[in-house]
1. Report the full-extension gain for the segment Gln58 to Ala107: residue separation times 0.36 nm, less the Cα-Cα distance, to one decimal in nm.
2. Determine the gain in length on full extension of the stretch Arg148-Ser41; use 0.36 nm per residue of separation and subtract their C-alpha separation, reporting nm with one decimal.
3. Hey, can you grab everything whose amide H is under 5 Å from the amide H of Asp34? Only 5+ residues off in sequence or another chain; H modelled, so Pro and N-termini drop out.
4. Output wanted: per-residue J couplings in Hz (rounded whole) for the stretch 19-26, from phi through Karplus 6.51 cos²θ - 1.76 cosθ + 1.60, θ = phi - 60°, x for Gly and Pro.
5. With each pseudo-label sitting 7 Å past Cα toward Cβ, what's the Leu138-Leu86 distance in nm, one decimal?
6. GNM on the chain, C-alpha springs below 10 Å: top fluctuator among Gly11, Gly69, Gly45?
7. For the chain, what is the calculated [θ] at 222 nm in deg cm²/dmol (nearest 500), taking -39500 (n - 2.57) for each run of four or more DSSP H residues and dividing by its residue count?
8. Consider the candidate values (i) 12, 42, 31, 13, 2, 0; (ii) 11, 42, 38, 10, 0; (iii) 9, 36, 32, 18, 5, 0; state which one is P(r) over Cα pairs in 10 Å bins from 0, in percent computed from the structure displayed.
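Throughout, read-outs are computed from the coordinates displayed, never taken from laboratory work. Every value quoted in this text rests on a predicted model; they were computed, and no experiment measured them. All Cβ positions, glycine included, derive from the backbone under ideal geometry; neighbour counts span all protein chains shown.
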Amino acid sequence: MISPPALLTVGYEGAQLADFLNTLRAAGVTRLVDTRERAQSRRPGYSKTALSRALEEQGIGYTHLRPLGTPPSLRKAYRLEHDFALLERGYHAHLAAQGEALEQLGALAAQERTCLLCYEADPETCHRSLIAARLQALGLVGETVHLRVPGAPVMGAPGTRQ
């Protein structure tokens, strides 16, 4: 029996674009899947068009899976409460209705070395860790590897968002 592929995840919080791209290349990523509901950023280079061009120059494909993004109501509640458990409960309910997008992501991961993208440096405070766990539960991916970009906040360090 063939084991399911590994799935990588990465956040771009605090990361310079060049360091971000170098991290993806070093990890052998061939497909970046953007899991933001809105693929926009105030950080230069991380909005959909600019990011997809930069990735293409590195030989990395880009896919935006908007259905896997955190719904605006959950993002708003999280900004107000800073309660990841609340976001987690709401996001699990959202994921339950995203079977097609999860299947698409599983198929990509089976074909290419795939990495999930969102903003937060710490995957434990980001919905991408919930997506990865759901794909593992479905047997679509094996281990999850969380990449850290140089210059990004250290995961779980004092002063990082909890």
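1. Between Gln58 and Ala107, full extension yields 15.4 nm more.
2. Full extension from Arg148 to Ser41 adds 36.6 nm.
3. Residues meeting the criterion, in which the H sits 1.01 Å from N, are Thr63, His64, Leu65, Leu117.
4. 5, 4, 5, 4, 5, 5, 4, 4
5. 2.8
6. Gly45
7. That calculation yields -12500 deg cm²/dmol at 222 nm.
8. Correct label, based on the coordinates given: (ii).
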